[in-house]
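**Student:** This is the structure, below, for whatever I ask next.
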Amino acid sequence: MSANNPYFVEVVESHELIQRWFANTSASEALCEQLLSHFSPAFTMVGMSGMQLNYPAVCTFFRANGGVKAGLSIEVSEMTIIAEWENGAVVSYKETQTQPEQPKTVRFSTAVFEKDSQGKVLWRHLHETAAHL
């Protein structure tokens with residue numbers, strides 16, 4: 001794993017924003033908009049429950065849930081490039097979420113990234129699988 005890989009950097013930075021948005025009850029709308037700017041307008045995902053979401057649904061979800069997980073901590077590990085091409089990549093990683101007085105949740109995720117016309121890395125698709133450890 002290379003800490004300088006732009007796709008790994010995107011995974012880490014996005015999860016830092018997600019943690020800040022969910023954990024901070026006084027987080028500003030600007031933080032949410034900063035987070036949402038990391039996703040392609042064509043973004044889709046399959047969550048741990050199997051529910052499928054598109055970009056508008058993900059935007060609605062994030063906007064409605066700022067500050068709902070006080071004390072949330074997110075750790076990303078085991079990042080691996082599955083495939084990489086000129087304007088994108090597929091990355092797998094392990095995500096561990098902890099929150100005071102809540103059971104730890106672990107998921108394995110596979111993400112597809114694309115670069116926009118300015119070279120910015122964007123989330124294009126995410127598939128999460130719950131880990132039952």
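Each reported figure results from applying straightforward, stated rules to the coordinates on display, with no laboratory input. Please read these numbers as outputs of a predicted model, since none were measured by experiment. As a convention, Cβ positions derive from the backbone with ideal geometry for all residues, glycine included, and neighbour counts pool all protein chains shown.
**Student:** In whole Hz, with x marking every Gly and Pro, tabulate ³J(HN,Hα) for the stretch 32-43 from phi via Karplus 6.51 cos²θ - 1.76 cosθ + 1.60, θ = phi - 60°.
**Tutor:** 4, 5, 4, 4, 5, 5, 7, 10, 5, x, 9, 4
**Student:** Return the long-range amide H neighbours of N24 (sequence gap of 5 or more, or a different chain), with a cut-off of under 5 Å between placed amide H atoms.
**Tutor:** Here G67 satisfy the definition.
**Student:** Computed FRET efficiency, Cβ-Cβ of K104 and I82, R0 25 Å: what is it to the nearest 0.05?
**Tutor:** 0.45
**Student:** Can you tell me which of 77-83, 89-95, 39-45 comes out highest on packing, and rank the rest after it, using the mean Cβ neighbours within 10 Å?
**Tutor:** Peptide ranking by packing, descending: 89-95, 39-45, 77-83.
**Student:** If you don't mind, there's one more thing I want to ask. Give me the lysines in straight-line cross-link reach of K120: C-alpha distance below 30 Å, same-chain residues under 8 apart excluded.
**Tutor:** In chain and number order, the partners are K69, K94.
**Student:** Treating only the Cβ atoms of Lys and Arg (+1) and Asp and Glu (-1) as charged, compute the dipole magnitude of the chain about its Cα centre; round to the nearest 20 debye.
**Tutor:** Rounded to the nearest 20 debye, it is 260 debye.
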